[in-house]
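> Here you go, one structure.
The values are calculated or read from the model by the stated rules, or taken from the named source; none is laboratory data. Given the structure is predicted, the values throughout are model-derived calculations rather than measurements. Cβ: placed from backbone, ideal geometry, glycine included. Neighbour counts: every protein chain shown. Heads up: the accessible areas ignore ligands, DNA and RNA and are worked out on the full protein's heavy atoms, side chains in. Shrake-Rupley method; radii C 1.70, N 1.55, O 1.52, S 1.80 Å.
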Amino acid sequence: MWSIIEKSLPQLLLAAVQYTIPLAVISFTLGLLLALITAIIRLKQTRGAFKILRAFFSFYVWLFRSTPLLVQLFIVYFGLPYLKIKGLFPDGIKLDPFLAGVLTFSLNTGAYASETIRAAILAVPTGQWEAAAALGFTNKQTLQRIIIPQALKISIPPLANSFIGLVKDTSLAASITIIEMFEVSQQIAAENYQPLLMYSLVALIYAVICSGLSWLQGQLEAKFHLTTTGGES
Amino acid sequence: MWSIIEKSLPQLLLAAVQYTIPLAVISFTLGLLLALITAIIRLKQTRGAFKILRAFFSFYVWLFRSTPLLVQLFIVYFGLPYLKIKGLFPDGIKLDPFLAGVLTFSLNTGAYASETIRAAILAVPTGQWEAAAALGFTNKQTLQRIIIPQALKISIPPLANSFIGLVKDTSLAASITIIEMFEVSQQIAAENYQPLLMYSLVALIYAVICSGLSWLQGQLEAKFHLTTTGGES
Amino acid sequence: MKLKHVNKSFGSNQVLTDINLEIPAGQVTVLVGPSGSGKSTILRSLNLLEQPESGHYEFDEHLQIDFSQPLSKKDLLYLRQNTGMVFQDYNLFSHLNILDNITAAPRHVLKQSKAAAEATAKKLLAKVNLADKAQSLPDQLSGGQAQRVAIARALAMNPKFILLDEPTSALDPELEAEVLKVLLQLAKEKQSLVIVTHNLAFAQAVADKIIFVEAGQILYDGPGTAFFSEENQHPRIKRFISSMTFTNLL
Amino acid sequence: MKLKHVNKSFGSNQVLTDINLEIPAGQVTVLVGPSGSGKSTILRSLNLLEQPESGHYEFDEHLQIDFSQPLSKKDLLYLRQNTGMVFQDYNLFSHLNILDNITAAPRHVLKQSKAAAEATAKKLLAKVNLADKAQSLPDQLSGGQAQRVAIARALAMNPKFILLDEPTSALDPELEAEVLKVLLQLAKEKQSLVIVTHNLAFAQAVADKIIFVEAGQILYDGPGTAFFSEENQHPRIKRFISSMTFTNLL
Amino acid sequence: ANYQSDLVSQKQLTIGLEGTYKPYSYRQDGKLTGFEVKLGQALAKKLGLKAKFVPTKWDSLVAGVGADKYDLVLNNITQTPERKKNYRFSTPYIYSRYALISPKKAKLTKVQAIKGKTLAEGTGTNNAQVAKKYGAKISASGEFANSLALVRQGRADGTINSLEAYYAYAKSNKKVSDLNVTDLSKQVKPVKVSALLKKDNRQLQKAVDQALKQLAKDGTLSKLSKQYFGADITKAPK
Ligand SMILES: Nc1ncnc2c1ncn2[C@@H]1O[C@H](COP(=O)(O)OP(=O)(O)OP(=O)(O)O)[C@@H](O)[C@H]1O
Ligand SMILES: Nc1ncnc2c1ncn2[C@@H]1O[C@H](COP(=O)(O)OP(=O)(O)OP(=O)(O)O)[C@@H](O)[C@H]1O
Ligand SMILES: [Mg+2]
Ligand SMILES: [Mg+2]
């Protein structure tokens, strides 16, 4: 058993460093950016043409939150090449697997995180808006200088959870031919016929990574003086 | 195109009714029960032997929250049969796919939902404990008559979200040979070579189911006078 | 009720130092003092929501507690049944309607029948002028109404003493008046009350006995009239009273 | 500042009815009245946090507003720069330290330099006796300290009028006194103040002018002394004052 | 017969296969069909059992037999030394020919030419092993249809799979002129395809071998081969 672990562990860790972690980090960064834009656009009071933009973003959030990630991955990687649009994509949209993965994970994270940020913006007490308005701040200045900084602070715990979730979700990337950690474990299992051992090993690596991230999250929350709800029992 | 949809839609809906929905409903019910027990055990102030029980449940929650669901499914379905324990399971633990699915989804849901319920119990204001104590309630009576009813009310929105998430996660059950909706769409696509259409169709069905559930969630929240955080922008 | 040589710390912070006091039955005792002086801690110790590290508590002829010993469940239950508590922010059970809020403890702690508990509850609701609110939920009430329900809830256990921790601090003056009216009524009926309040006008009007707490010690313990009289006053108390009535601002 | 024939509804609920009032510069005007009568709504209208449906608002020689017309951004900005607002629950910017709380608006709205804004802020902090708290975060302050910072923040814009909505309702009496002391100081310096308060003792002490609001209408508008005098009183006002001082309870 | 005790469930022959691998096993109008499905039914009949099929993703198909998820796998599985160490094989029922499929433009006709190229192959398949042996990089793609899609979209340089599977694909897709297909039987020996069983199930293997022999004799095997592959590939090539 130990010799098998010794042999496979480096391969698994390499896959984690090559695919699992970059996929998660890049997608999360892009997703967060998208989420911020989406949240702000959806919260804006609107008139005229802007309404269409808002409806579009609402549709996007709805779509990615109400369909399974696995299906999204399949559509983007295996489905989009069949989407032939004259002029724009005469040959369909063909993405490299890693790119397809990053795109899907970013869009998915963006949809969920935008709701987190939106809720956080709404959770900033009305009094903060009023105080800023009373001091002569415009709406835009208030959003930028007062509300967003506070909302991001409120969002730290749920966003950190989203990131940890994303790390685990990268295990689905195997289905679009990305040889991330779980796929490697399956390949090794297909050779050495020790699936229980291989899957447990990969589960352990995930658990270590995720626990490490949870610990970091705790540090971050402590730094920003975020306390989780307390009580007595 | 329409003829393909017409032909495949009944198959997809059948799969939803046969597998997707029962998987989600049964697993959620069992998961919730497990979650409640776990939450209460983990919140109890403890002495002696009870500590081991608490540690066990904490370990369970940690394990299922820090590893990917897909890996969990593989371990339970493909891995456990290799786990041969003399006396107890001399031939390994062999589960029928549906049972393996229900078990894994229940355990997974149980782990996440127990954290939701735990947070909800902690979110019940300390004053409620004190008021009950001052009236002569024992700790157990307080938990049962005052705290849990309020905690469950607080938990409704996050638990409803978990359920919707679970419905989407059943798409992973295909990997353990359950022919749920997404698997059926893949099989049809392997025959008619129309993956974009099939995947989109299945995505649409998921979106309809999940939106329906979201609407129900809204009704439920309205009934229990739960309002989401409000504000001005 | 008597406390003798009671000490209480939170961590390294000694909050009560050698507290001795006696609370007579059938009278209104008011605890006053600056913020953080330990008033709530004293009140909560009387109800054992806090347990001091040392000292004795003589509740009545049946119950004497040595705080340095672990508490028995029986003693705790006896004490809780014989003291009612009213909190600053009401702490009504938010998932139960008003009637159920009042009957919960009589039914589940005293094991009264539902009918009996409800009959009592209705009488008490009438007493606090809320007979029409039996079916309402707590969050449908104003603060003043909620606090009156909390008083009715405490009364339903028929306790020897009712302890009230700043019962009107969360209320507007007009709502405060509603609650104070009920308390005055109870005082007239010789219900034993222990009230922590910042409202000196009310204290002056209602207190048979005043206890002034500062920094975890008792600076005054005596009749209300003497406390407010111009002569014979401790300088610290004088300063406290004047700061409460803004006479020193001008 | 003058309001003329101002009406304001929330939905179908008419909250202000034909309000006419004048608020003189260099004086302290106090708004009193029962809960829900419309005091806050009047105050917020003066600062345009609420916009009434009809009526006129004559702020000064430069700015006259007809409420039935849409508001220009320029007018809004002018008004906001010339009125400061202090809220019941302080509303300090929780992510900024005290110094940044005070300098934020001077820097980003008035475009003052950082150095200039900070110099002013430090002077103002000294004035409210909080010179040592410049680097603290809002949640490290007591309520009384937070409210004094809020006053300093309003003063930093050097507004013609400061509007205060129950600035001490969330405070214990001793913390309340800290804040009232600062307000009295400002009154002495002839800063124009408009204060909503339930504290009649304070109102009596500080008000040059009192406006009594009931059910969206003005029942009294005149000097403070006359408001509290025994003769010549409206029966509703008499009742209000006595309920505030518990004289009718006993 | 005492192979009964080897069965996962009584009176039933449980068979693992992909169900998305035309013409071996696939769905037509929702119903499972294909060469290996028909073969499984015939086998079961001979053994006096009911056939039950468990469609499983390729990635976990082999793991499933060890985990007693089914009695045997019929999925164009090739005998290899490593597999033999851990599993048991029946006598071969077909001899599968490898084909190298690539975009026309790429002009990949020799198996040696795949060195350094990316081939779309299922994890742990024989195809993947052949590709690896000749120095190709593997892009892990579970299903044959998806592998071909990747090749046609230019996202993989080619794929090695069974020639029969390719023919089935070509039949249902009118336009395959963009693809170049090389029969590799001259370069890589056709391989024995057999049922894969759990190591301990010797009795069952014997029974299956017996049944296969009868099916070969009565012509069922050749008939099915012609029906689904358009040729009789049930005999060992010379
Ligand atoms: N649970 C606790 N943990 C730690 N310190 C506490 C706790 N409760 C009270 N204290 C501290 O004990 C001291 C006395 O608090 P207490 O609440 O009794 O004062 P109080 O007189 O009721 O004040 P207030 O008028 O503000 O209600 C304070 O310094 C307070 O910070
Ligand atoms: N944003 C709002 N939406 C709807 N109704 C409102 C709103 N703000 C105030 N009201 C209503 O307007 C009336 C006057 O409210 P206002 O806050 O001005 O009273 P107030 O005199 O300040 O009372 P208090 O002393 O309780 O602060 C009340 O009936 C209140 O319910
Ligand atoms: Mg207190
Ligand atoms: Mg108000």
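> Do you know which residues across the stretch E:149-163 are away from every other protein chain (no Cβ under 11 Å) and in contact with a Gly (Cβ under 8 Å, 6 or more places away or on another chain)? Explain how you work it out, then say what you get.
Within the stretch E:149-163, the subset away from every other protein chain (no Cβ under 11 Å) is E:151, E:157-163.
Matches in the stretch E:149-163: E:Val151 only.
> Please go through the stretch C:157-196 and pick out each residue that is part of a loop (DSSP other than H, G, I, E, B), within 10 Å of chain D (Cβ to nearest Cβ) and more than 16 Å from ligand 4 (Cβ to nearest atom).
C:Glu166, C:Ser169
> How about the stretch A:171-195: which of its residues are more than 9 Å from chain E (Cβ to nearest Cβ) and part of a loop (DSSP other than H, G, I, E, B)?
Within the stretch A:171-195, A:Glu180, A:Gln194 meet the criteria.
> If D:Thr120 meets every condition in (1) more than 18 Å from D:Val182 (Cβ to Cβ); (2) open to solvent by 20 Å² or more (accessible area, probe 1.4 Å) apart from one, which number is that one?
Going through the list (1) more than 18 Å from D:Val182 (Cβ to Cβ); (2) open to solvent by 20 Å² or more (accessible area, probe 1.4 Å), D:Thr120 breaks only (1).
> Somewhere in the stretch B:149-166, is a residue at the interface with another protein chain (Cβ under 7 Å from one of its Cβ atoms) and either surrounded by 23 or more Cβ atoms within 10 Å (Cβ to Cβ) or among the aliphatic types (A, V, I, L, M) (or both)?
No - not one qualifying residue is present in the stretch B:149-166.
> Regarding C:Asp66, is this residue surrounded by fewer than 19 Cβ atoms within 10 Å (Cβ to Cβ), in contact with a His (Cβ under 9 Å, 6 or more places away or on another chain) and closer than 30 Å to C:Val6 by Cα?
Spelling it out, C:Asp66 is indeed surrounded by fewer than 19 Cβ atoms within 10 Å (Cβ to Cβ), in contact with a His (Cβ under 9 Å, 6 or more places away or on another chain) and closer than 30 Å to C:Val6 by Cα.
Okay, residues lined up against (1) within 16 Å of ligand 1 (Cβ to nearest atom); (2) over 13 Å from the mean Cα position of the chain (by Cα):
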site	(1), (2)
D:Gly143	yes, yes
D:Val149	no, yes
D:Lys160	no, no
D:Glu178	yes, yes
D:Leu184	no, yes
D:Val194	no, no
D:Leu200	no, yes
D:Ala205	no, yes
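> Across the stretch D:29-58, which residue is farthest from ligand 3 (Cβ to nearest atom) among those that are over 19 Å from D:Gln69 (Cβ atoms) and among the hydrophobic types (A, V, I, L, M, F, W, C)?
For the stretch D:29-58, the residue satisfying everything is D:Ile42.
> Hey, D:Gln69 hits all of (1) more than 12 Å from ligand 4 (Cβ to nearest atom); (2) in contact (Cβ under 8 Å) with a residue 60 or more places away in the chain; (3) in a loop (DSSP other than H, G, I, E, B) but one; which does it fall short on?
(2)
> If we keep just the residues of the stretch D:89-128 that are within 9 Å of chain A (Cβ to nearest Cβ) and of a type in the set (S, T, N, Q), which is nearest to A:Pro125 (Cα to Cα)?
Among those that are within 9 Å of chain A (Cβ to nearest Cβ) and of a type in the set (S, T, N, Q), it is D:Asn91.
> For residues that are facing chain A (nearest Cβ under 10 Å) and assigned to a helix (DSSP H, G or I), tally how many sit in the stretch E:113-148.
Within the stretch E:113-148, residues that are facing chain A (nearest Cβ under 10 Å) and assigned to a helix (DSSP H, G or I) number 5.
> Sticking with this structure for a sec: Going through the stretch C:1-45 one residue at a time, which ones are without any contact (Cβ under 8 Å) to a residue 24 or more places away in the chain and either more than 14 Å from chain D (Cβ to nearest Cβ) or away from ligand 1 (no atom under 13 Å from the Cβ) (or both)?
Listed by number, the residues that qualify are C:Phe10, C:Gly11, C:Ser12, C:Asn13, C:Glu22.
> If only one of E:Thr182, E:Thr220 is within 30 Å of E:Gln10 (Cβ to Cβ), surrounded by fewer than 23 Cβ atoms within 10 Å (Cβ to Cβ) and not aliphatic (A, V, I, L, M), which one is it?
None of the others qualify; the one that does is E:Thr220.
> Every residue in the stretch A:183-216 that is within 20 Å of the chain's Cα centre (by Cα) and open to solvent by 30 Å² or more (accessible area, probe 1.4 Å), please.
Across the stretch A:183-216, the qualifying residues are A:Val208, A:Ile209, A:Ser211, A:Gly212, A:Leu213, A:Ser214, A:Trp215, A:Leu216.
> Consider E:Arg202 against the criteria (1) within 20 Å of the chain's Cα centre (by Cα); (2) open to solvent by 30 Å² or more (accessible area, probe 1.4 Å): it satisfies all of them except one. Which criterion is unmet?
Failed condition: (1).
> Counting residues that are surrounded by 15 or more Cβ atoms within 10 Å (Cβ to Cβ) and among the hydroxyl-bearing types (Ser, Thr, Tyr), which helices (runs of 4 or more DSSP H) fully inside the stretch B:41-140 reach at least 2?
It comes to B:97-123.
> Further, regarding this structure: On the basis of being more than 16 Å from ligand 3 (Cβ to nearest atom) and either modelled with pLDDT of 95 or more or part of a strand (DSSP E or B) (or both), does C:Gly26 make the cut?
Spelling it out, it is not the case that C:Gly26 is more than 16 Å from ligand 3 (Cβ to nearest atom) and either modelled with pLDDT of 95 or more or part of a strand (DSSP E or B) (or both).
> If you check C:Leu63, C:Leu99, C:Leu76, C:Leu48, which single one turns out to be within 19 Å of the chain's Cα centre (by Cα), without any contact (Cβ under 8 Å) to a residue 40 or more places away in the chain and away from ligand 1 (no atom under 16 Å from the Cβ)?
C:Leu76
> Still on this structure, please answer the following. Looking for something near ligand 2 (Cβ under 7 Å from one of its atoms) and within 13 Å of the chain's Cα centre (by Cα) - is there at least one such residue anywhere in the stretch D:22-39?
Yes; the residues of the stretch D:22-39 include at least one that is near ligand 2 (Cβ under 7 Å from one of its atoms) and within 13 Å of the chain's Cα centre (by Cα).
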